[in-house]
Amino acid sequence: MKKTIISDMTEGIDPAGIELGGKILREGGLVAFPTETVYGLGGNALDADASRKIYEAKGRPSDNPLIVHICEISALEKITESVPETARRLADAFWPGPMTLIFRKSDAVPDSTTGGLDTVAVRFPDHPAALALIRAAGGYVAAPSANTSGRPSPTQASHVWEDLQGKIDMIIDGGEVGIGIESTIVDLTEETPVILRPGYITREMLEKTIGHVEMDRSLISDDSAVRPRAPGMKYRHYAPQAPLLIVEGDETAVRERIRALVREAAAQGKRAGVIATDESADCYGEGIVRSAGTRADEATVAAHLYAILREFDSLGVDVIYSEAFDTAGIGQAVMNRLMKAAGHRVIDAGKEASED
Ligand code: AMP
Ligand code: MG
């Protein structure tokens, strides 16, 4: 077991903590840090051994490539083969920010960082502690989400501690993150830009800057045989310990069905968790009810979803029912994560229970 140091930066950057974190990273160690999306588990992206340590600490399959975090756009030159014009425009519009771009990689990036691919994913995060740490580390920090592989991504330092204490050298505590779900991933290595993972930056936002953008077929197809182009998207992810079922349909029908399901669970001696909204939370008498946020602004749901899934784990509920969310704007990213967490189990509230 390693001793995991915690550096408190909830009130602002602590220069001594950043210096220590930078030194640990330069020497090949691992430091978890806050970003505006979720907490990342950082290692030196140009050091093959450091990347291998990241996979080991997370229990992450080694074919699931890491995102390289940079703190200035000029850092692209060293790690990519070339920077297409679309990338320059997107970087100008959305970096620093919750968008990851995929490029052809240069030889400076070891295969262990990219899971053996000849492409590299790069992000310039918008968080002062992250940027200071990346700079102190030498400019290139590989950082997947700082959770044990398969668990919900961490949105506060205590989640990182829960999963990785004793396995990593340091955690920088920056308090709760703002966005709460991972970055939008855009592949720029083919002629047409393709979204491989939806996030806070939506297709509409990207298209305003660079014109037509496609969605990876696996994101829009119901056929589970369609393989996602982002290797990590094929894995079960974000999953709570209890089975999670999503109930979709007309608002009133959804509420009635969840109430019935919670009662049924209780009759079998099971404790049910309910993922509700500010609008609906009061209508569920039974069950352990948590509001993820308001339907008027689904970014609030994105911000709380993972913490609620983790809370249900720690409460040891037997089953979780979640309302479905609209898929406009950031709602698409929310439903993408929720569907993965649920293993795509959806109940249609409009149909009789016996048909489920
Ligand atoms: P995480 O860092 O945990 O948010 O996961 C990173 C995501 O980025 C995973 O889904 C990876 O499969 C994806 N990714 C990273 N690098 C590449 C790449 N070169 N090509 C396609 N997807 C990538
Ligand atoms: Mg992850």
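For region 155-283, what does the convex hull of the Cα positions come to per residue, in cubic angstrom? It would help to have the intermediate numbers written out before the result.
Numbers: hull volume 27.5 nm³, N = 129.
Value for region 155-283: 213 Å³ per residue.
For region 1-68, what does the convex hull of the Cα positions come to per residue, in cubic angstrom? Intermediate results must be reported in sequence, preceding the final value.
Working: hull volume 7.2 nm³, N = 68.
Each residue corresponds to 106 Å³ of Cα convex hull volume.
Once the principal axes of the Cα atoms of region 105-168 are found, what is the range along each, listed largest first in whole angstroms?
Sorted from largest, the Cα extents of region 105-168 read 36, 27, 20 Å.
Report the dimensions of region 215-352 along its three principal axes from the alpha-carbon atoms, largest first, rounded to Å.
Over region 215-352, Cα extents along the principal axes are 43, 31, 30 Å.
What is the calculated FRET efficiency for A16 to E176, with r their C-beta to C-beta distance and R₀ = 25 Å, to the nearest 0.05?
0.60
Debye calculation, C-alpha points only, no solvent: report log10 I(q)/I(0) for region 74-126 at q = 0.24 Å⁻¹, in the same order as the q values.
-0.92
Mind putting together the pair-distance distribution for region 1-139? All Cα pairs, 10 Å bins, whole percent per bin, short to long.
12, 43, 35, 9, 0
For region 270-345, take every pair of Cα atoms, bin their distances at 5 Å starting from 0, and report each bin as a whole percent.
3, 16, 28, 27, 18, 6, 1, 0
Rg/Rh for region 315-356: what does it come to with C-alpha atoms and Rh from Kirkwood?
A ratio of 1.02.
Please identify every one of the chymotrypsin sites (Phe, Trp or Tyr not before Pro) in region 172-258 that sits in a loop by DSSP and has no more than 16 other beta carbons within 10 Å of its own beta carbon.
Y235
For region 1-156, report the accessible area per residue in Å² (1.4 Å probe, heavy atoms, rounded to an integer). Mind showing how you got there, number by number?
Working: 5980 Å² over 156 residues.
About 38 Å² of surface per residue is accessible.
With springs only between Cα atoms under 10 Å, which of E77, E191, E162 fluctuates most in a Gaussian network model of the chain?
E191
Taking H placed 1.01 Å from N in the peptide plane, check which residues at least 5 places from G42 or on another chain put their amide H under 5 Å from its amide H.
V31, A32, F33
Please turn the phi angles of region 88-94 into ³J(HN,Hα) values with the Karplus equation 6.51 cos²θ - 1.76 cosθ + 1.60 (θ = phi - 60°), one per residue in order, whole Hz, x for glycine and proline.
Along region 88-94, the couplings run 4, 5, 5, 4, 4, 7, 10 Hz.
Measure of size requested: the Rg and Dmax of the chain, with Cα atoms as the atom set and Å as the unit; please supply both.
When restricted to Cα atoms, the chain yields Rg and Dmax of 20.4, 62 Å.
If you wrap a convex hull around the Cα atoms of region 36-79, how much volume per residue is inside, in Å³?
Each residue corresponds to 90 Å³ of Cα convex hull volume.
So what's region 150-192 giving for Rg/Rh, alpha carbon basis, Kirkwood Rh from the mean inverse pair distance?
Using only Cα positions, Rg/Rh for region 150-192 is 1.15.
With a 1.4 Å probe and all protein chains left in place, how much of the accessible area of region 113-218 comes from carbon and sulfur atoms, in whole percent? Can you show the working numbers first?
Values: 1590 of 3560 Å².
With neighbouring chains kept in place, the figure for region 113-218 is 45 percent.
Considering only protein heavy atoms, what per residue accessible area in square angstrom results for region 167-271 with a 1.4 angstrom probe?
Accessible area per residue: 50 Å².
Please report the equivalent ellipsoid semi-axes of region 191-251, computed as sqrt(5 x eigenvalue) of the Cα gyration tensor, largest first, in whole Å. Display every interim value, and only then the final one.
Numbers: eigenvalues 131, 53, 28 Å².
Rounded to whole Å, the semi-axes are 26, 16, 12.
The values are calculated or read from the model by the stated rules, or taken from the named source; none is laboratory data. Note that the coordinates shown come from a computational prediction; the quantities given were computed from them, not determined experimentally. Don't worry about glycine lacking a Cβ; one is built from the backbone with ideal geometry, like all the others, and counts go over all protein chains shown. These area figures cover heavy atoms from the full protein model, side chains too; ligands, DNA and RNA do not enter into them. Shrake-Rupley method; radii C 1.70, N 1.55, O 1.52, S 1.80 Å.
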